[in-house]
Amino acid sequence: MAGSPRKYVPETEGLNQEFFLRAAGGTLHLQRCDECGTYRHPPRYYCQHCFSGAWHWEPSAGLGRVASWVTTHFTIDRGWVDDLPYTTIVVELEEGPRLLGAMRNLSVEQLELGMKVKVVGETKRDDFVFFWVEPQ
Amino acid sequence: MTTELSGKTAIVGIAESDYVRGADRTVPELVFDVSMRAIADAGLKPSDINGVIPPPGFVSTEEIAANLGMPEVTYSVTVHMGGASPTAALQSAAMSIAAGIADCVLVTFGWNGYSAIRPRPDAKATRRKLDLGPVLETARNFYIPYGLRSAAEWYSLYLQRYVDLYDVQPTDAAEIALACRAHAQLNDKALMRGRPMTLDDYLESAPIAGPLRKLDCCLETDCAAAVVLTSAERARDMPHTPVLYLGGAEGHPYPADEITNRPELLRLGLDFAAPRAFAMAGVKPTDMDFLQIYDCFTYVVMMELEALGICERGGAKDFVKDGNIRLGGRYPLNTHGGLLSQGHCWGFNHVVEATRQLRHEAGAAQVEGCELGVVTGYGDLGDGSIAVLGRDR
Ligand SMILES: [Zn+2]
């Protein structure tokens, strides 16, 4: 909307920036431990299960299920005032980690814990990707 | 191991500012004032203080020592646990005294929670800011871009699960808001004194996020508070009945810097901390004569009551009923009005009130004959802290 305050886009750095740079290439990538194969998010330097520092980025289709959601009715974020009420969904990806995104092409009435959804990225800047959560 | 700390130190001085929306003094001025008064309350001079624990942000040990006159500070540390900081800081103060590193420790907090968090037409902004540090790194990348900018929205990521799992109704959470508001009517320093609340007021208040209504949320406030601790031995020669630090602990959910990927979404800092604190104190949660529970949001209080072990998981909705948490009930809760109805001083007002209660100087809100009480803190993305305090006999 013209004249509305812009939505916040963070300055990214470190592993988080690597995560977003990968996603900005068009495919969501998750960190995966080289030693025990465990996926993790948000990005971390060591594996929480086997403590290995060896890992790589692995592409993800972004498929998962609804783990929880929150609907916001009042916000102190002026960039989001025009979107009220808005719903944010926590998706449990098939790989295990949970990722948060904004609800799209769905209504709160349709939401159910465990329902199948997919995460779709929208590149806001080369080092930041915003995630939408849609029906599969 | 840690039981060596139990009963070795005491709170000997307390002070709090007025609780206002739009302070006419800066945060450092507020902090210097309450610090000076807490030191005087203990019968001490600023030069007797050699340990200082300032809040995370807003004002530094160096400024406090220079303005009040503390020529030799031997111990200073800052606790970075958001609203859990003041109560966690008591542990650090007690340790430094018991270890002989400091003799008298000032713990203080002040902020411009009304004037600086978001723009206000009736308040002037200041440069003095909260130092959120690394907590914000996760929020900046993964929450705030989605319009999840406030604690109400972050905590709703687990509060929504809590109410769904245990079928917690708004009328259950209302018991906490109503108890705090009723108790605030007895407190000259409460922002909501003279503004009683009914269940209808509560139910009609506007939705905010997740299960939270406006009247589930604490008050944005400008305020400050301070306490002074010293050894129990020295405390017995001071003006007030010593309030002994019997047990305390801090706890962090895992991972503490990110909510949604926790293996146990409802296991928060206080779940880790409370058993340690009661073990240190050698008492049970059910021995408490009152509860000063960090009440940023009503539903958070319910989860804390369960974390304390004073009721089982999911049991808080029954625990808070039938006047149980009102003055005159078995477990009076937030006898000063709490963050919900006195004002938001990061729970430092809970420490001050607990001390007043155990001195038997709580006026109209006095829990008659109280000997033992608990204070909790809660902050950042679910960090927790606890202090079990007792009246010296
Ligand atoms: Zn591993």
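No value in this document is a laboratory result; all are computed from the given coordinates. Since the model is a prediction, treat every value here as computed from it, not as a measurement. Ideal geometry is used to build each Cβ from the backbone, glycine not excepted, and the neighbour counts take in all protein chains shown.
Okay, here's what the table says:
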quantity: Inter-probe distance in nm under a simple model that places probes 7 Å from Cα toward Cβ, at B:E368 and B:A182; calculated: 1.7
quantity: Diffusion constant of region B:111-252 at 37 °C, which comes from Stokes-Einstein with the Kirkwood Cα-pair radius and 0.692 mPa s, µm²/s; calculated: 173
quantity: Average beta carbon contacts from partner chains per residue of B:153-162, 10 Å cutoff; calculated: 4
quantity: By average C-beta atoms within 10 angstrom, highest first, the peptides B:58-66, B:137-145; calculated: B:137-145, B:58-66
quantity: Packing-based exposure ordering (other Cβ within 10 Å, fewest first) of B:S150, B:S385, B:S156; calculated: B:S150, B:S156, B:S385
quantity: Two-site FRET efficiency, A:R6 against A:Q136, from Cβ-Cβ distance with R₀ of 35 Å, rounded to 0.05; calculated: 0.70
quantity: Among A:101-112, A:56-67, the order from most to least packed when residues are scored by Cβ within 10 Å on average; calculated: A:56-67, A:101-112
quantity: Local net charge near B:N187, Cβ-Cβ under 15 Å (Lys/Arg +1, Asp/Glu -1); calculated: 0
quantity: Set of lysines near B:K8 by C-alpha distance (under 24 Å), chain-local residues within fewer than 8 positions excluded; calculated: B:K45, B:K284
quantity: Estimated inter-spin distance, A:A61 and B:R330, nm [label 7 Å along Cα→Cβ]; calculated: 5.4
quantity: Theoretical gain in end-to-end length, B:R313 to B:R276 [0.36 nm per residue, Cα-Cα removed]; calculated: 11.5 nm
quantity: Spread of Cα-to-Cα distances over 10 Å intervals beginning at zero, given as percent, for the protein assembly as shown; calculated: 4, 19, 28, 25, 16, 7, 1, 0
quantity: 0 to 90° range, to nearest 10: angle between helix A:14-24 axis and chain A longest Cα axis; calculated: 70
quantity: Two-site FRET efficiency, B:D48 against B:K129, from Cβ-Cβ distance with R₀ of 30 Å, rounded to 0.05; calculated: 0.45
quantity: Nitroxide proxy distance, nm - points 7 Å out along Cα→Cβ at B:E233 and B:T78; calculated: 3.4
quantity: Estimated FRET transfer efficiency when R0 is 30 angstrom, pair B:E62-A:R44 (beta carbons, to 0.05); calculated: 0.30
quantity: Fluctuation leader among B:R234, B:R120, B:R330 - chain B, Gaussian network, Cα springs under 10 angstrom; calculated: B:R120
quantity: For peptides B:86-92, B:337-343, B:387-393, B:188-194, sequence by mean Cβ density within 10 Å, most packed first; calculated: B:337-343, B:86-92, B:387-393, B:188-194
quantity: Peptide B:209-220 - average C-beta neighbours from other chains (10 Å radius); calculated: 2
quantity: Average beta-carbon neighbours from other chains, 10 Å sphere, peptide A:74-84; calculated: 5
